[in-house]
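Every number in this text was worked out from the coordinates using simple rules, so none of it is lab data. Every value quoted in this text rests on a predicted model; they were computed, and no experiment measured them. Backbone-built Cβ (ideal geometry, glycine too); neighbour counts: all protein chains shown.
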Amino acid sequence: MKISGIELRRIDLPLVAPFRTSFGVEHERDVLLVRVVTPEAEGWGECVAMSSPLYSSEYVDASVDVMRRFLIPALTSRPGIDGYGVAHALAKFKGHRMAKTALETAVLDAQLRASGESFGRFLGATAERVPCGVSVGIMNSIPELLDAVDGYLSEGYVRIKLKIEPGWDIEPVRAVRERFGDGILLQADANAAYTLVDAPHLAKLDEFGLLLIEQPLANDDLVQHAALSKRINTPVCLDESIESVEHAAAAITLGSCSIINIKPGRIGGYIEARKIHDLASAHGIAVWCGGMLETGIGRAANVALAALPGFTLPGDTSGSSRYYAQDVTEPFVLDDGHLTVPTGPGLGVEPLPEVLSEITSWTEWIPA
Ligand SMILES: O=C(O)CCC(=O)N[C@@H](C(=O)O)c1ccccc1
C-alpha cells in the first residue's frame, strides 16, 4: 500500500474515577490516535503512552514529536508498505515502541480493511470471545476497596487484579480473600515498587493463593526477578521488563518469570506480541493481555490478541465503562464476564464521528 498521509489526533477522555497505581494517579487520558490514509482504505491506531514518563520512558508529547520528525517520514517515503514492513522500516530509530505500535496498528488496520480480513483472523485468534479481568487501583481504605471489588464481581469480571505498593499490599489482599473467598481469581500488580530486600515481605502473599504477582521489582530487571522467583511461591509475572521477544527469551532462559503480561504498545506492536505468544507457548509460559486504559480502538486490537490460544489467563481487557463514560467507539460491553472479538474487517471498530470531534483537542495532517 502507498500511504497518502497520516493524521495525528489527540483526544481528551476523563476517567470515570481516579486510577491510582504505585507510580501515580490518572484522572484523565490524553490519547494520541493515528489515522493512516491510503487509496484503498483508512486505518486507525492508538498510542498508549501516558502524559508523563512514569510507566515507561514514553510520553504523549514525545510520541507526537518522534512520529512527526522520524517515524512517519520513514513510512510515507516508501513506495509501498504493509503491516509486516512497518517494524523493519522503523527499526533504525531506537525505542519509542508505543509510537511504533500505533503506526503499525493503523497500517495493519488499513491493509485488513482493504482485504476484508479481521484483525483477530490475521493474528491467529481461535476464540470468538475472551474472559475479562479488571484492574483495581490503590484505594484510600479497605472498605472502599471491598466495595469496588464487589461491584466488579457483580458486573461479571472473572479475575481481579489489585494494584499494590509498600504499605498497601498484605492487608488489602487478605481483606479481599477473606471477603470473597478462595474461589475468585486474584492477582497483584506492584509496578516495580519493591526490591529484593522485600522478598521476605512479598513471601507473606504466598498464603493467599494468588495467580501471580506482576512486576514486583525494577522495571528493567530480569536477574533480580529470577532470584525473587526462588524465594516466593507466588508465580512471578513480568510486564515492564519485557519490551521485545528477545527480552522474553532472556526472561524464560533466566527463569525470571513463569507468566508474561503481553502489552503490544510496550513491545512495539501486535506482530511482535504474536512472536512473544508463540515463544512463551513453546516454553509452557502462560501469557495474558495487559492494558493501558485503551479506548475502543486499542481495546479492539487487544481483544483480538487475547483470543489467541496461548492467552490462557484472563487479561486486563475490561469493558469500556471500566474507564470511560463515553468511549470514542461503540462501547465494549461485558457479557457474562466476556468480551466478543470484533469480526469486521481490520479492527472492526472505528471512532464515532460526533464523539471524536467533541473530544478532539488537537489534530495534524501529515501528507506523504
Ligand atoms: O485495564 C487497563 O487497561 C489498565 C490495566 C492496568 O492496570 N494497567 C497498568 C499496568 O501497569 O499494567 C497501568 C496503569 C496506568 C498506566 C499504565 C499502566
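The table for this structure:
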{"item": "Computed FRET value (nearest 0.05) for LYS92 with THR253, which takes r as the C-beta separation and R₀ as 22 Å", "result": "0.20"}
{"item": "Degrees between helix 170-180 axis and first principal axis of the chain (Cα, 0 to 90, nearest 10)", "result": "90 degrees"}
{"item": "Whole-Hz couplings from phi, Karplus 6.51/-1.76/1.60, listed for the stretch 57-68; x for Gly and Pro", "result": "6, 7, 8, 4, 4, 5, 5, 4, 5, 5, 5, 5"}
{"item": "Theoretical ellipticity at 222 nm over the chain - DSSP helices of four or more residues, -39500 (n - 2.57) apiece, nearest 500", "result": "-9500 deg cm²/dmol"}
{"item": "Label-to-label distance, nm, for residues given as GLU28 and ARG68 (7 Å Cα→Cβ offset)", "result": "2.1 nm"}
{"item": "At R0 = 45 Å, FRET efficiency that the Cβ-Cβ distance of ASP82 and THR195 yields, to 0.05", "result": "0.55"}
{"item": "Cβ-placed point charges (K, R +1; D, E -1), dipole of the chain about Cα centre in debye, nearest 20", "result": "940 debye"}
{"item": "Part-to-part distance (alpha-carbon centres) for the stretch 170-216 and the stretch 247-325, which is given in Å", "result": "21 Å"}
{"item": "Approximate spin-label separation GLU155-GLU128, in nm, with each point projected 7 Å along Cα-to-Cβ", "result": "2.5 nm"}
{"item": "Coil-residue GluC sites (Glu not before Pro) of the stretch 294-368, DSSP, other Cβ within 10 Å capped at 12", "result": "none"}
{"item": "Relative exposure of ILE3, ILE259, judged by other C-beta atoms within 10 Å (fewest first)", "result": "ILE259, ILE3"}
{"item": "Ascending count of other beta-carbon atoms within 10 Å, so fewest first, for ASP278, ASP169", "result": "ASP278, ASP169"}
{"item": "GluC sites (Glu not before Pro) lying in DSSP loop within the stretch 67-160, provided at most 16 other Cβ fall within 10 Å", "result": "GLU117, GLU128"}
{"item": "Loop trypsin sites (Lys or Arg not before Pro), the stretch 169-275, which have at most 13 other Cβ atoms in a 10 Å radius of their Cβ (DSSP)", "result": "LYS230, ARG231"}
{"item": "Amide H contacts under 5 Å for ILE366, placed H, 5+ residues apart", "result": "ILE6, GLU7, LEU8"}
{"item": "Near-label residues of the stretch 183-198 by backbone N, under 13 Å of a point 7 Å along Cα→Cβ of SER52", "result": "none"}
{"item": "Between helix 97-115 and the chain: long-axis angle, C-alpha atoms, 0 to 90°, nearest 10", "result": "60 degrees"}
{"item": "Residue list for the stretch 257-289, given a label point 7 angstrom along the Cα-to-Cβ vector of VAL223 and an amide N cut-off under 20 Å", "result": "257-258"}
{"item": "Segment ASP336-GLU354, extension gain: residue separation times 0.36 nm, minus the distance between their alpha carbons", "result": "3.5 nm"}
{"item": "Descending Cα extents along the principal axes, the stretch 1-59, whole Å", "result": "44, 25, 11"}
{"item": "Convex hull projection area averaged over all views, the chain, Cα basis, nm²", "result": "16.4 nm²"}
{"item": "Global geometry of the stretch 1-139, whether rounded, prolate or oblate, following the gyration tensor of its Cα atoms and the 1.5 cut on a/c", "result": "oblate"}
{"item": "Rounded to whole Hz, the Karplus (6.51, -1.76, 1.60) HN-Hα couplings of the stretch 285-299, x for glycine and proline", "result": "9, 6, 10, 9, 8, x, x, 10, 6, 5, 6, x, 5, x, 5"}
{"item": "Descending semi-axes in Å of the stretch 121-340, equivalent ellipsoid built from Cα gyration tensor", "result": "25, 24, 14"}
{"item": "Extended-chain gain in nm, criterion 0.36 nm per residue less alpha-carbon gap, ASP61 and ASP12", "result": "16.3 nm"}
